[in-house]
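The values are calculated or read from the model by the stated rules, or taken from the named source; none is laboratory data. Quantities reported herein were computed from a predicted structural model and do not represent experimental measurements. Every residue, glycine as well, gets a Cβ built from its backbone with ideal geometry; the counts of neighbours run over all protein chains shown. The accessibility values were calculated without ligands, DNA or RNA, using every heavy atom of the protein model including side chains. Shrake-Rupley method; radii C 1.70, N 1.55, O 1.52, S 1.80 Å.
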Amino acid sequence: MNMKNSQLYKGSLTTIIMKLLEENGRMYGYEITQKVKQITGGELNITEGALYPALHKLEADGHLDVEVERVDNRMRKYYKLTESGTTETVNRLAELEGFIKNMQTLVSGAPKTSLEF
Amino acid sequence: MKLSEGHIHQIEALLRPAGLFYGDIRDEVVDHIATTLEEDPGLTPGNFEEKLHSYYNSHRWVKLLTAAQQQEKIRDGQYKSYFLHQFLTLNGIGIYSITLAAVYLAELNSYTEKATQLLFILLVLAAWTGAFKKRWPFARRMVELLGLYYAPLLLLCTQLKRFFDEEAPALVAIRLAATALIFAGHIMLYKTNRLYKTHRYA
């Protein structure tokens, strides 16, 4: 990740990966980094040092399955979500959406419209 | 430009000194480097080596290798946990009990005692030297990882008799227990190796 915003994105990396896999079926490591770069217009660069540990952790936790294929004279490892991974993606996205909403409220300083104190 | 088989071999050769053990981690690193180079619009058949060495000398190589080595450590830890955990399962306790009984019974007869000692030495040598590399590729690595646990037990088994003219029953018990543990450990090593073989992707 870019140094200037690495701390902000650090906790969201696995959610980003899972969201991409949910949308794209199966992807390999380099493809994930390029997709993120493309979607964010180059704003977010996921480095190898961050990506592969995150992928392997998700795999170890049972959220990702791996398929290996011979492509262009070498073996390529594709990742895809398992059933538990799909469920976990929904949970994490909901959590992230809640986080973004709260942060927006805090940062914008908008008063709460709720009557609860 | 797509890389040829020769180009891939060059990447693998450059990666070999890093000593990555797990094939799937190694393959992933090779694929990442190869894809990065292929995506370079300036890559031509004539400047592949220059581009490869430029990547090799960059921080990206260091980061990729560091990530791969971290993954290897995590994977080693997982296999080590699996190996040690087996001793705590019902199956593991059963295996240990059987080996303990076998070692005890073997000592009742001088021929079976010598045969047990010979088998013990052969197993230890095989594990340490990686003699059965093709069938047990993982054994050597596990022995290196577990050397901390292995070495004192080994010493206990082999050297205890030297210090006493007559072994006290307690010392005999410790020696038999340690010998049985080594034998049971080799069975657990075989099971861990089997897990490793089923997890290899390519």
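With respect to the conditions (1) under 23 Å from B:Glu72 (Cα atoms); (2) free of Cβ contacts under 8 Å to residues at least 40 places away in the same chain; (3) over 15 Å from the mean Cα position of the chain (by Cα), A:Gly42 falls short on a single one, namely (1). Touching a helix residue (DSSP H, G or I) at 6+ places or on another chain (Cβ under 9 Å), more than 14 Å from every other protein chain (Cβ to nearest Cβ) and exposed (fewer than 14 other Cβ atoms within 10 Å of the Cβ), is that true of B:Leu105? For B:Leu105, the condition - touching a helix residue (DSSP H, G or I) at 6+ places or on another chain (Cβ under 9 Å), more than 14 Å from every other protein chain (Cβ to nearest Cβ) and exposed (fewer than 14 other Cβ atoms within 10 Å of the Cβ) - is met.
A single member of A:Leu58, A:Leu64, A:Leu93 is over 30 Å from B:Glu5 (Cα atoms) and either in contact with a strand residue (DSSP E or B) (Cβ under 8 Å, 6 or more places away or on another chain) or within 13 Å of chain B (Cβ to nearest Cβ) (or both), and it is A:Leu58. The lone criterion from (1) exposed (fewer than 15 other Cβ atoms within 10 Å of the Cβ); (2) touching a helix residue (DSSP H, G or I) at 6+ places or on another chain (Cβ under 8 Å); (3) among the hydrophobic types (A, V, I, L, M, F, W, C) left unmet by B:Phe120 is number (1). Of all residue pairs spaced 6 or more apart or on separate chains, those with beta-carbon atoms under 6 Å, a first member in segment A:75-99 that is over 22 Å from B:Arg26 (Cα atoms) and a second member that is open to solvent by less than 60 Å² (accessible area, probe 1.4 Å) and part of a helix (DSSP H, G or I) are A:Leu81/A:Leu21; A:Thr89/A:Met18; A:Arg92/A:Thr15; A:Leu96/A:Thr15.
One residue stands out among those in segment B:80-89 that are assigned to a helix (DSSP H, G or I) and open to solvent by less than 60 Å² (accessible area, probe 1.4 Å): the one that is farthest from the other protein chains (Cβ to nearest Cβ), which is B:Phe87.
For (1) open to solvent by 40 Å² or more (accessible area, probe 1.4 Å); (2) part of a loop (DSSP other than H, G, I, E, B); (3) among the charged types (D, E, K, R), each residue gets a yes or a no:
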position	(1), (2), (3)
B:Leu15	no, no, no
B:Thr36	no, no, no
B:Asn47	no, no, no
B:Glu50	yes, no, yes
B:Ser54	yes, no, no
B:Gln78	yes, no, no
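Total residues in segment B:97-116 satisfying the condition of being closer than 14 Å to B:Val172 by Cα and either touching a strand residue (DSSP E or B) at 6+ places or on another chain (Cβ under 9 Å) or outside any helix (DSSP H, G or I) (or both): the figure is 2. Within segment B:62-73, if we keep just the residues that are surrounded by 13 or more Cβ atoms within 10 Å (Cβ to Cβ) and without any contact (Cβ under 8 Å) to a residue 24 or more places away in the chain, the residue that is farthest from the other protein chains (Cβ to nearest Cβ) turns out to be B:Val62. The helices (runs of 4 or more DSSP H) located wholly in segment A:1-78 that include 2 or more residues which are open to solvent by less than 30 Å² (accessible area, probe 1.4 Å) occupy A:13-24, A:29-39, A:48-60. Out of the residues in segment A:79-111 that are open to solvent by less than 80 Å² (accessible area, probe 1.4 Å) and of a type in the set (Lys, Arg), state the one that is farthest from B:Glu12 (Cα to Cα). This residue is A:Arg92. Here segment B:19-34 is the region considered, the condition is being surrounded by 14 or more Cβ atoms within 10 Å (Cβ to Cβ) and of a type in the set (Gly, Ala, Ser), and the residue that is nearest to the other protein chains (Cβ to nearest Cβ) is B:Ala34.
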